[in-house]
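Novice: I am attaching a structure below and will ask some questions about it afterwards.
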Amino acid sequence: MSTVRRPDHRSEHRAARGAHAIGLRHVLTHLITPLLMCIGMGLAYLGAFAHPAPHHLPVAVVGSGRSAQLLAQSINDRADGDLEVRTVGDRSAAVDRLKHQDIFGAYVLPAHGAKGAAGTADASVAKGASGGADGAGEAAASSASAGTSGAGVAAAPGKPAPELLVATAASDTSATVVQKVFTPIAAHQGAPLKVTDVAPPAEDDPTGQGIFFLLVAISIGSYASVAVIGGAGAVLPLRLRAALALGTSFVVGLIGTAFAGPVFHLVDHGLGGLWGMAWLYSAGILLIGTGLHTFLRRWTTLGVMTLFVMLNFTSSGGIFRPEMQNGFFAALHSFWNGAGFVEGTRSHVYFDGYGLSGHVWTLVWWLVAGLVTIGVAALAEKRRRTAEAEAAAHAAAVAAAAVAATVPEPAPERSGPPMRTAGGTGAGHGSADAAAAREEEMEEAVGV
């Protein structure tokens, strides 16, 4: 009588728990990446933007007399390193320095009202420069009214008014801080402050920060494409992946140029040059990311986000220039690719190309770094393929040797008539039995 075996529910439960444990461990391992992204983004953005304050922000006092020198010295003494004040002989020289971005504000003393400026600067600078960017919104409002209605200060009839020269296209936040510094000085003298923007941004980009958000769009299109090329294109040769990266950067540059020009009118001229810089910038990211995927694999997304988001956006100067940041991000601004794109676009569009070649070379060097990364990745993949081929050949040789060692050599055939056994059976049966035995041994050797 046969017995029916009942399923072992305990073993099934243990197997299910083991499968769940494996799946949970797999999910937790992959959650490390977004958590590291969260930590990195918090450290980068809050470290760069949480408490902006001027650090040796260059400004100028315009005038050739002793009063201009005294005012500049007084502001320097009170600013305690926040500002770097110099004197400029005349207004035209100050405008030239603003357009070269050597300074970010110039206070033009009135012809007959500079006598008491130095004496009133102490309290004003203490309120203005030490405040940094904390009162940026208040300063912007008061400065806007200063340019039209004298910031609420009633000026004596015929009394000359001081003038503040700024270049908003270089940095709206820096211009705001400069106005915050000099508006109280003018108000303490009882004169309205006239604010003149010598390099205003495009009409549809009043703060000049549209270039930064253009940088964000191009960056996301670039590093997101790295994940596609590295993941879905992993079966392709590296040279084909590199060609895809260059082609994708061409399209990303066109999209960015369309956003900047006909779509949002951030830029009203020089779209060809803008596309060239956008292509250089995007191609550098895509080539570097494609090459890094050979080494980082599933950590590639975290790697490119660290390079081209966390460190890139924060040091680009699109929101706060390096003079408004700490030393780490200010140092990155001098050679990082995002800063090269933002400053290159500003120079190309608003400052007659002054300093443009240096910013373009920054983008070119990042493109060269991408090509080098691709070259190193190609060598690594070639060595990896060679090692895998050698390992496969070695494994095949070992398997063949194992088979040969377990299979006996066939016995030599005997000549002459077959011998009969006492039972009358022929030698043919013995041969058949030997062949069957050899076949069974062969099957056991190869695992059939």
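The values are calculated or read from the model by the stated rules, or taken from the named source; none is laboratory data. Bear in mind the structure is a predicted one, so any value in this text is a computation, not a measurement. We place every Cβ from the backbone using ideal geometry, glycine too, and count neighbours over all the protein chains shown. Just so you know, the surface numbers come from the protein's heavy atoms only, side chains and all, with ligands and any DNA or RNA stripped out. Shrake-Rupley method; radii C 1.70, N 1.55, O 1.52, S 1.80 Å.
Novice: Here is a check on your reading of the model: is A227 open to solvent by 30 Å² or more (accessible area, probe 1.4 Å), within 27 Å of F320 (Cα to Cα) and not aromatic (F, W, Y)?
Specialist: Working: open to solvent by 30 Å² or more (accessible area, probe 1.4 Å): yes; within 27 Å of F320 (Cα to Cα): no; not aromatic (F, W, Y): yes.
For A227, the condition - open to solvent by 30 Å² or more (accessible area, probe 1.4 Å), within 27 Å of F320 (Cα to Cα) and not aromatic (F, W, Y) - is not met.
Novice: Would you check which residues across region 51-71 are without any contact (Cβ under 8 Å) to a residue 40 or more places away in the chain and not small (G, A, S) and list them? Give the derivation first.
Specialist: Taking region 51-71 as the starting set, the residues that turn out to be without any contact (Cβ under 8 Å) to a residue 40 or more places away in the chain are 64, 66, 69.
Passing the criteria: R66, Q69.
Novice: Same structure again: Among the residues in region 113-121, are any closer than 19 Å to K180 by Cα, at pLDDT 90 or above and of a type outside the set (S, T, N, Q)?
Specialist: So far as region 113-121 goes, no, none of its residues is closer than 19 Å to K180 by Cα, at pLDDT 90 or above and of a type outside the set (S, T, N, Q).
Novice: Given the structure, is T386 part of a helix (DSSP H, G or I), modelled with pLDDT of 90 or more, of a type in the set (S, T, N, Q) and under 24 Å from L286 (Cβ atoms)? I'd like the intermediate steps shown before the answer.
Specialist: Numbers: part of a helix (DSSP H, G or I): yes; modelled with pLDDT of 90 or more: yes; of a type in the set (S, T, N, Q): yes; under 24 Å from L286 (Cβ atoms): no.
It is false that T386 is part of a helix (DSSP H, G or I), modelled with pLDDT of 90 or more, of a type in the set (S, T, N, Q) and under 24 Å from L286 (Cβ atoms).
Novice: Determine if region 233-252 includes at least one residue that is under 30 Å from P58 (Cα atoms), at pLDDT below 95 and of a type outside the set (G, A, S). Write out each step before concluding.
Specialist: First, the residues of region 233-252 that are under 30 Å from P58 (Cα atoms): none.
No, there is no match, as no residue in region 233-252 is under 30 Å from P58 (Cα atoms), at pLDDT below 95 and of a type outside the set (G, A, S).
Novice: Identify, from the list H394, H359, the residue that is over 22 Å from A242 (Cα atoms), in a helix (DSSP H, G or I) and open to solvent by less than 70 Å² (accessible area, probe 1.4 Å). Working first, answer last.
Specialist: Working: H394 fails: open to solvent by less than 70 Å² (accessible area, probe 1.4 Å).
Selected residue: H359, the only one of H394, H359 that is over 22 Å from A242 (Cα atoms), in a helix (DSSP H, G or I) and open to solvent by less than 70 Å² (accessible area, probe 1.4 Å).
Novice: Kindly indicate whether any position in region 28-36 is open to solvent by 100 Å² or more (accessible area, probe 1.4 Å), free of Cβ contacts under 8 Å to residues at least 24 places away in the same chain and not basic (K, R).
Specialist: Taking region 28-36 as the starting set, the residues that turn out to be open to solvent by 100 Å² or more (accessible area, probe 1.4 Å) are 35.
So of that shortlist, the ones also free of Cβ contacts under 8 Å to residues at least 24 places away in the same chain come out as 35.
With not basic (K, R) added as a condition, the list becomes 35.
Yes, that holds for at least one residue.
Novice: Where residues in region 328-346 are within 28 Å of V85 (Cβ to Cβ) and in contact (Cβ under 8 Å) with a residue 60 or more places away in the chain, which of them is most open to solvent (accessible area, probe 1.4 Å)?
Specialist: F328
Novice: I would also like to ask the following. Going by the structure shown, is L280 without any contact (Cβ under 8 Å) to a residue 40 or more places away in the chain, among the aliphatic types (A, V, I, L, M) and out of contact with any His (no Cβ under 8 Å at 6 or more places or on another chain)?
Specialist: Numbers: without any contact (Cβ under 8 Å) to a residue 40 or more places away in the chain: no; among the aliphatic types (A, V, I, L, M): yes; out of contact with any His (no Cβ under 8 Å at 6 or more places or on another chain): yes.
No; evaluated as a whole, the condition is false for this residue.
Novice: Among the residues of region 86-106, are any open to solvent by 80 Å² or more (accessible area, probe 1.4 Å), under 15 Å from E323 (Cβ atoms), at pLDDT below 95 and not in a helix (DSSP H, G or I)?
Specialist: No: region 86-106 contains no residue that is open to solvent by 80 Å² or more (accessible area, probe 1.4 Å), under 15 Å from E323 (Cβ atoms), at pLDDT below 95 and not in a helix (DSSP H, G or I).
Novice: Still on this structure, I have one more. Does A380 satisfy the condition of being among the small types (G, A, S), modelled with pLDDT of 60 or more, open to solvent by less than 60 Å² (accessible area, probe 1.4 Å) and closer than 30 Å to A242 by Cβ? Write out each step before concluding.
Specialist: Details: among the small types (G, A, S): yes; modelled with pLDDT of 60 or more: yes; open to solvent by less than 60 Å² (accessible area, probe 1.4 Å): yes; closer than 30 Å to A242 by Cβ: yes.
Answer is yes for this residue.
Novice: Can you tell me which residue among R346, R298 is under 19 Å from A217 (Cα atoms), among the basic types (K, R), out of contact with any Cys (no Cβ under 7 Å at 6 or more places or on another chain) and assigned to a helix (DSSP H, G or I)?
Specialist: On the way: R298 fails: under 19 Å from A217 (Cα atoms).
Selected residue: R346, the only one of R346, R298 that is under 19 Å from A217 (Cα atoms), among the basic types (K, R), out of contact with any Cys (no Cβ under 7 Å at 6 or more places or on another chain) and assigned to a helix (DSSP H, G or I).
Novice: Please tell me if L36 is of a type in the set (A, V, I, L, M) and touching an Asp or Glu at 6+ places or on another chain (Cβ under 7 Å). Full working, then the answer.
Specialist: On the way: of a type in the set (A, V, I, L, M): yes; touching an Asp or Glu at 6+ places or on another chain (Cβ under 7 Å): no.
No; evaluated as a whole, the condition is false for this residue.
Novice: Do we have any residue at all in region 263-278 that's part of a loop (DSSP other than H, G, I, E, B), more than 22 Å from W365 (Cα to Cα), touching a Leu at 6+ places or on another chain (Cβ under 9 Å) and at pLDDT 95 or above?
Specialist: So in region 263-278, the residues part of a loop (DSSP other than H, G, I, E, B) come out as 264-270.
When the remaining residues are screened for being more than 22 Å from W365 (Cα to Cα), the result is 264-270.
So of that shortlist, the ones also touching a Leu at 6+ places or on another chain (Cβ under 9 Å) come out as 264, 266-267.
Keeping just the survivors that are at pLDDT 95 or above gives 264.
Among the residues of region 263-278, at least one is part of a loop (DSSP other than H, G, I, E, B), more than 22 Å from W365 (Cα to Cα), touching a Leu at 6+ places or on another chain (Cβ under 9 Å) and at pLDDT 95 or above, which makes the answer yes.
Novice: Do we find that A369 is closer than 23 Å to F250 by Cβ and either outside any helix (DSSP H, G or I) or open to solvent by 30 Å² or more (accessible area, probe 1.4 Å) (or both) in this structure?
Specialist: Numbers: closer than 23 Å to F250 by Cβ: yes; either outside any helix (DSSP H, G or I) or open to solvent by 30 Å² or more (accessible area, probe 1.4 Å) (or both): yes.
Yes; evaluated as a whole, the condition is true for this residue.
Novice: Let me ask something else. Of G317, G256, G289, which residue is buried (at least 24 other Cβ atoms within 10 Å of the Cβ), in a helix (DSSP H, G or I) and in contact (Cβ under 8 Å) with a residue 60 or more places away in the chain? Give the steps one after another, and end with the answer.
Specialist: Numbers: G317 fails: in a helix (DSSP H, G or I); G256 fails: in contact (Cβ under 8 Å) with a residue 60 or more places away in the chain.
The match here is G289.
Novice: Restricting the search to region 53-71, which residues are under 22 Å from L165 (Cβ atoms) and open to solvent by less than 70 Å² (accessible area, probe 1.4 Å)? Before the answer, list the steps.
Specialist: If we filter region 53-71 for residues that are under 22 Å from L165 (Cβ atoms), which is where we start, we get 54-71.
P54, L57, P58, V59, A60, V61, V62, G63, G65, S67, A68, L71, listed by residue number.
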